[in-house]
Structure formats: structure tokens, C-alpha cells
Amino acid sequence: MVEDPRRAIPRTDRLMEHPQLIAASRSLGRSVVLGLVRAAQDRARRGEISAAEVVDAVLEAAGSQRASSLTPVLNATGVIIHTNLGRAPLSEPARQALADAAGYVDVELDLPSGARSRRGAAARAALLARCRHADDALIVNNGAAALLLAATALGGGPAAVTDGHHHCSHGGIVISRGEFIEIGAGFRLSDLITAAGTQLREVGTTNRTHPEDYAQALAAGAGCVLKIHPSNFALTGFTASVATGELAALCREYAVPLIVDVGSGLLEADPVLPDEPSIDAALAAGADAVIASGDKLLGGPQAGLILGAGETIARLARHPLARAVRADKLTLAAIEATLRAGASPVHAMLHADLAELRRRTDALAAQVGGTVVAHDGRVGGGGGTGVPLPGWALALPESFAAVLRTGETAVLPRVHDGSCLIDLRCIPSDHDRALADAITAAGHRLGNGR
Ligand SMILES: *Cc1c(COP(=O)(O)O)cnc(C)c1O
């Protein structure tokens, strides 16, 4: 009599004792591995694989499994701060810091004394070490949270009243109509500000705002002034705006704080991006609080940075909303490591060596075919509007794009003018081999009639 082959399927407890699956359970979690074991046993019961193949099937599945379903992607678009891909890729030190901070850490504890300490003191110190003109800094969840906190705490009603004599104080935040921006996915900064109950005092027109416009609103009792860098569009033609320095002098006259939202988080001026305001320049020009994102040009994790005068930052830190938007330990660890490491991957991509990019693109073409074409990369993430970053791309037939996105190594190319363009600017050179393999595999899948 023939024995039922299904009886030979290895039992669950035996499979879970396999040394490689014990290791996989540690990195992926026991229940994930258990799921893979049951799936392989089911396949054997259905006759898709033999009983002898069950162990290998589980090991193979465990090998390609990740603890989270977020899929790493090779960014071949040439867009450095790609919001759909999670913006700035972190430096090696920042990745290490994230892993180190995953367990218990002294984020709010002074180990020598055993007493509670200021949360995130080291991240704050690293930020201040890189921004000469800031007295103090506060790190929150993201740029939008920083804006919400600053607008609410400084543009609020009675709390913002400093002088009842020479004007009638009602609070509110003054913004030029030329700076009412939407930052993507229909998200408008003005809506964010009013959502928290702060009164918006619009001044000027779309193309021109003058010092007198601000002065009128300040005389009417505004609580603070906000200058927003219109990071994702450029206004040209018959235009006028008030520079940070002049606005700071005006705000001092009325004893109200000036908040400047620079958006991209450039620490200091960069010749590649001549129109991008830096945190340091805004502070030097007299801003009381400067707001920026951590995961744009700064090259760190998602975070909102607020830097400025000691008194202003203290006022923000005391506001109840500060607790609702505070940064977590992982963010604080990654920010500190990003800042201490010096140049970030984002900085390296922005300043990529053209000859080296060309050499890598030629080498890729030699391996996988296609045509090398001139291609401009972009800063992305609403930074460096319209600034082309000259470089090269490998042009392949457009049909490659979808196959590359769904390959074993996910690659996001740029689809343009009927071509699938592979720009190496945002791909670390140690991934060139994996990229070439992914393109070759995509070619095979296309050749096999998909
Ligand atoms: C990106 C941006 C924001 C929002 O910052 P997030 O970190 O994305 O929340 C706000 N203001 C400006 C000018 C920006 O460019």
C-alpha cells in the first residue's frame, strides 16, 4: 500500500526548531515565521511542493521577508527629496543611531545623577552647534507641527499682547498674500494656522507686499508676523516682497515676534541653490524663530526644527501644544547623528560629481543596453524650485518602468516622453550591481512576454 505523501510533511514544532528559523523568528517575530511555516505546509498538502521541499520553501520565504511591509526602493528618478519615497534617505550614522535608540535610552535622564533631564538635550546641542545665530532650539514632529505651534503660541490672543498703549491688541498672525502656499496633497499652510483658532491677517497682494502693509496690521494689534518661503513656486515679473531684515526691524518696533518658515532646512547658504534661504541667514537677519523640516535638505528624519531667540523658544516650549507635537526618541537620535556626521547623503547627491555620474551611467549601459542621455535631476520636496541638477540618465523602453517597480529589487525610474529613464544621482554607487541585475531581470520578464 502507498503511504499518504501528506503524512511526510514536517510538523510545525519540528520546523520551528530549525536553527535558521529560530534566527528568523528573532528578526521577524515568531508569529510571522509561523505563518510562513503554515503556508509552506499548505502548499505541500495541495501537492504544489513535495514534503521534502517544505523546509527550503520556508527558508526561502523567510529570507525575502521583512519585518514591515515597507519595500526598500532604488530611487532612479533623479529627484533627491522624493516625498512619495519618504524624503531624505538617512546617513549610516543616523541609521545606527535609530537602532541604538530602539530600546531603553537616556532620552530624558541624566545617568550620573539619576535625575530627570531635559528631553533631547543632545539633539538640541548638535543643532545649536551647527547654527551659530540660534540661542535655543526645539525639535517637534514635522515642519507643519512647528508652524502650528509657533502660530498658536505667538499669534494667539491675549497671551500675545505686550503693549496695550500704542495699539489695540487682538492678536492674530500677519502673512503676505504672496506667501499663501499649498505644499502638496491639497495641504494649505493657511488652513493649518486657522485650524488651531489663530486669526489670519492677510496683507498685500499676490504679487506685491510692502512694509506699510505689514505696519498697518501691526498697528492694528497683530500678535506676530510669519514670513513663509514660497518653496514650491517662483513669482516673477512685477513683484515686491519685504526682506527678512526689514521685517525684523518693523517687528521690533511693534515688539512682536517674527517667525520665518524657510521650509527646506538648509543650515547655511549653498551655491548650488542660490535662491534657497538658510536657517542661519534668516536668524542673522533678525528672525525670532525660524522653522524648517528635518527630512528635506537637512537630510535627516521627519522632524520640525524651531530655532531662535531664547525667550521665544522658551515661550513655545511652555505652550501645551508643545507636548502634543514633541519628537520621539528615534527622531532625536537620528537628528543628532545626522548633524554630527557632517555632510548627509542628500548633500552628496546635490553635489554629485558629474564625471563620476557619467562613468557609472556608461558602465550601466555597457552591462544592460539602452542609451545614455543628458538628464536634469531635481531637488524635490518643494525645495530649489526650477533649479535643474544637470546629469545623465540611461534611457530604456517605457515598458521597463512597471516591471522595474515590481521586481524583486524595486526600482522607481522616471517615465518621460515615452522613455523609462534611470538617473543614478540618488542611487548609492554600492547598489549599481543590484540595479544592473534588476534591469536585466526586467528585460527577461519583458522578453518572456511578461
Ligand atoms: C515642507 C514645508 C512645510 C511642511 O513641512 P513638513 O515637514 O512637511 O511638515 C512647511 N513650510 C514650507 C515652506 C515647506 O516647504
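Taken together, the values in this text are just the output of simple stated rules run on the coordinates, not laboratory data. This one's a predicted model, so the numbers in the text were calculated from it and none came from an experiment. Cβ placement follows ideal geometry from the backbone for every residue including glycine, while neighbour counts extend to all protein chains displayed.
For M349, M16, what's the fewest-to-most ordering of other Cβ within 10 Å of each Cβ? Could you put the intermediate results ahead of the total?
Details: M349 25, M16 17.
Least to most surrounded, the residues fall as M16, M349.
Once the cut-off is 28 Å, how many percent of the Cα-Cα pairs in the range 92-342 end up in the long-distance tail? The partial results should precede the final answer.
On the way: 9868 of 31375 pairs.
More than 28 Å apart: 31 percent of the Cα pairs in the range 92-342.
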Notebook entry, point to check: Roughly how big is the chain's charge dipole about its Cα centre, with Cβ charges of +1 (Lys, Arg) and -1 (Asp, Glu), in debye to the nearest 20?
Noted result: 1140
Next item on the list: Could you line up D106, D288 from fewest to most neighbouring Cβ atoms inside 10 Å?
Entry: D106, D288
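Mind sorting V79, V140 by how few other Cβ atoms lie within 10 Å of their own Cβ, fewest first?
Numbers: V79 22, V140 27.
By the 10 Å Cβ count, ascending: V79, V140.
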Checklist line | Convex hull (Cα only) mean projected area of the range 36-123, reported in nm² to one decimal | finding: 10.6
Next item on the list: Kindly express, to the nearest 10 degrees and within the range 0 to 90, the angle between helix 121-130's C-alpha long axis and the longest C-alpha principal axis of the chain.
Entry: 70
Next item on the list: Could you check what % of the DSSP bridge pairs in the chain are antiparallel, to the nearest 5?
Entry: 60
Next item on the list: Set Lys and Arg Cβ to +1 and Asp and Glu Cβ to -1, take the dipole of the range 92-342 about its Cα centre, and tell me which of T244, I335, G184 lies farthest positive.
Entry: I335
Notebook entry, point to check: Residue by residue through the range 106-119, which ³J(HN,Hα) values in whole Hz follow from phi under the Karplus form 6.51 cos²θ - 1.76 cosθ + 1.60 (θ = phi - 60°), with glycine and proline marked x?
Noted result: 7, 5, 9, 9, 9, 4, x, 8, x, 8, 5, 10, 5, 4
Margin query: Can you compute the radius of gyration and Dmax for the chain, using only the Cα atoms, both in Å?
Written below: 27.1, 105
Notebook entry, point to check: When all C-alpha to C-alpha distances in the range 263-331 are sorted into bins of 10 Å, what percent of pairs does each bin hold, rounded to whole numbers?
Noted result: 20, 45, 30, 5
Notebook entry, point to check: Once the Cα atoms of helix 244-253 and of the chain are each reduced to a long axis, what angle between those two axes, in degrees from 0 to 90 to the nearest 10, is obtained?
Noted result: 50
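What does the extension gain come out to for D353 and A215, with contour length at 0.36 nm per residue minus their alpha carbon separation? Numbers along the way, then the final one.
Details: separation 138, 0.36 × 138 = 49.68 nm, distance 4.72 nm.
Contour length minus Cα-Cα distance gives 45.0 nm.
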Notebook entry, point to check: Which log10 I(q)/I(0) values, to two decimals, does the range 132-266 give at q = 0.11, 0.14, 0.23 Å⁻¹ under the Debye formula with one point per Cα?
Noted result: -0.38, -0.62, -1.59
Check: Dipole of the range 92-342, Cα-centred, from +1 at each Lys and Arg C-beta and -1 at each Asp and Glu C-beta, to the nearest 20 debye?
Finding: 520
Next item on the list: Rounded to whole Hz and in sequence order, give me ³J(HN,Hα) for the range 403-415 from the Karplus expression 6.51 cos²θ - 1.76 cosθ + 1.60, θ = phi - 60°, writing x for Gly and Pro.
Entry: 5, 5, 5, 10, x, 4, 9, 6, 10, 9, x, 9, 9
Next item on the list: Would you please give the residues with an amide H less than 5 Å from that of L200, counting only those at least 5 places away or on a separate chain, with H modeled from the backbone geometry?
Entry: I173
Margin query: Using the Karplus curve 6.51 cos²θ - 1.76 cosθ + 1.60 with θ = phi - 60°, what ³J(HN,Hα) values do you get for each residue of the range 285-301, in whole Hz, with x for Gly and Pro?
Written below: 6, x, 5, 7, 9, 10, 10, 8, 8, x, 10, 9, 5, 5, x, x, x
Notebook entry, point to check: What does the helix-only formula give at 222 nm for the chain: each DSSP H stretch with n ≥ 4 adding -39500 (n - 2.57), the total divided by the residues, and the result rounded to the nearest 500 deg cm²/dmol?
Noted result: -11500 deg cm²/dmol
Item checked: For the range 92-342, share of DSSP beta bridges that run antiparallel, in % to the nearest 5 -> 50
Check: In terms of modelled amide H atoms, which long-range or inter-chain residues lie less than 5 Å from the amide H of C420?
Finding: L396, E398
Item checked: the range 5-64, dipole about Cα centre (Lys/Arg Cβ +1, Asp/Glu Cβ -1), debye to the nearest 20 -> 260
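Can you tell me the alpha carbon radius of gyration of the range 5-64 divided by the globular rule-of-thumb value 2.2 N^0.38 Å?
Working: Rg = 10.6 Å, N = 60, 2.2 N^0.38 = 10.4 Å.
Rg over 2.2 N^0.38 Å, computed on Cα atoms: 1.02.
Given a Förster distance of 60 Å, report the FRET efficiency between T239 and R7 from their Cβ-Cβ distance, rounded to the nearest 0.05.
Working: r = 81 Å, r/R0 = 1.35.
Efficiency, rounded to the nearest 0.05: 0.15.
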